[in-house]
1. In segment 1-18, which residues have a backbone nitrogen under 12 Å from the label point lying 7 Å from Phe38's Cα in the Cα-to-Cβ direction?
2. Can you tell me how much longer the chain between Arg52 and Lys154 gets when fully stretched, taken as 0.36 nm per residue apart minus their C-alpha distance, in nm with one decimal?
3. Once you put a point 7 Å from the Cα of Asp161 and another 7 Å from the Cα of Ala124, both along the Cβ direction, what distance in nm separates them?
4. Subtracting the Cα-Cα distance from 0.36 nm times the residue separation, let me have the gained length for Glu139 to Ala238 in nm, one decimal.
5. Would you check the accessible area of Glu78, probe 1.4 Å, heavy atoms only, in square angstrom rounded to 10?
6. Between Glu29 and Ala176, what is the label-to-label distance in nm when each label sits 7 Å out along the Cα-to-Cβ direction?
7. Would you mind working out the accessible area per residue for segment 236-288, using a 1.4 Å probe, and quoting it in Å²?
8. Under a 1.4 angstrom probe, counting protein chains only, how are Val155, Val30 ranked by accessible area, largest first?
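The values are calculated or read from the model by the stated rules, or taken from the named source; none is laboratory data. What you see is a predicted model; the values in this text were computed from it and never measured. No Cβ is skipped: glycine too gets one built from the backbone with ideal geometry, and neighbour counts run over all protein chains shown. Just so you know, the surface numbers come from the protein's heavy atoms only, side chains and all, with ligands and any DNA or RNA stripped out. Shrake-Rupley method; radii C 1.70, N 1.55, O 1.52, S 1.80 Å.
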Amino acid sequence: MTGFGRADGALGDWSWAVEARSVNGRGLEVRFRGPPGFDGLERLAREAAQARFQRGQLNVSLQARRAAGPGAAKINQELLQRYLDLSAELVAEGHATTPTADGLLSLRGVVEIGEDEEAPEARAAVEAAIAESITAAMEGLKVSRLAEGAALGKVLAGLVDQVEALSGEAEAEAAAQGPTIRDRFAKRLGELLGEAAPADRIVQEAAALAAKADVREELDRLASHVSQARALMADDAAAGRRLDFLTQEFMREANTLCSKAATTSLTRTGLALKAAIDQFREQVQNVE
């Protein structure tokens, strides 16, 4: 199921943004991407996802930056001494005047500005605040997926109704299979044996073929699957995997019905039934 959630935050010199996205997946897969130094938040992101979702490929991204502050300044004594030695030679030869302090300090590399070291307590507070943003992004993703699920429920319900309607058509068309099989068998046997074809033999063989072509069992199971599908969709619990399995059972019965079809109309209805079930299967991949 697709969805998106985002949360922003700031604390001290730090500011960040967390985004959580999901696409369809048979199981739950969580991928975390963040800047160096925040690897410990990956486990929290996985736990937050596992507490809310059962299916989907989730990508959680963290972007965080720290504002540059005034760092501590220090003099590179080794480099400064080299400048002094060079200037002393030039002064001694009369090529330069004695350098001033501000002139020396302005030379590249003499003064070094280091970054302030972040206190462990401050870093822990930042990570705790980012963790809250990850949770908020996950909640936003959950809301987004629930909204999509509500719209998807109507589509699934319509497809289940279509499967039920086509099963009803198949039931009506299956009733005409007996006479069709009998007439077809009698014609074929007559072509082989001529007038010597016994009527009782035709009836017996036709009855046997009709029994093999009986789709009553498949239609009963289709009706049962329709009831189960509606019950699962009405339940608040996650039903994606169970609906996925039920779709396989739907298709198994539809395939058997098509293989037993002895009339063009029943074959046509069976193919339409398989098409509706296949559409249902594709949509079920979006269900949590």
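1. 7-11, 14-18
2. Values: separation 102, 0.36 × 102 = 36.72 nm, distance 2.28 nm.
Length gained between Arg52 and Lys154: 34.4 nm.
3. Spacing of the two 7 Å Cα→Cβ label points: 5.9 nm.
4. Working: separation 99, 0.36 × 99 = 35.64 nm, distance 1.66 nm.
Between Glu139 and Ala238, full extension yields 34.0 nm more.
5. Probe radius 1.4 Å; accessible area of Glu78 about 140 Å².
6. With each label point 7 Å from Cα toward Cβ, the separation is 4.9 nm.
7. Numbers: 2440 Å² over 53 residues.
That works out to 46 Å² per residue.
8. On the way: Val155 70, Val30 10 Å².
The ranking, largest first, comes out as Val155, Val30.
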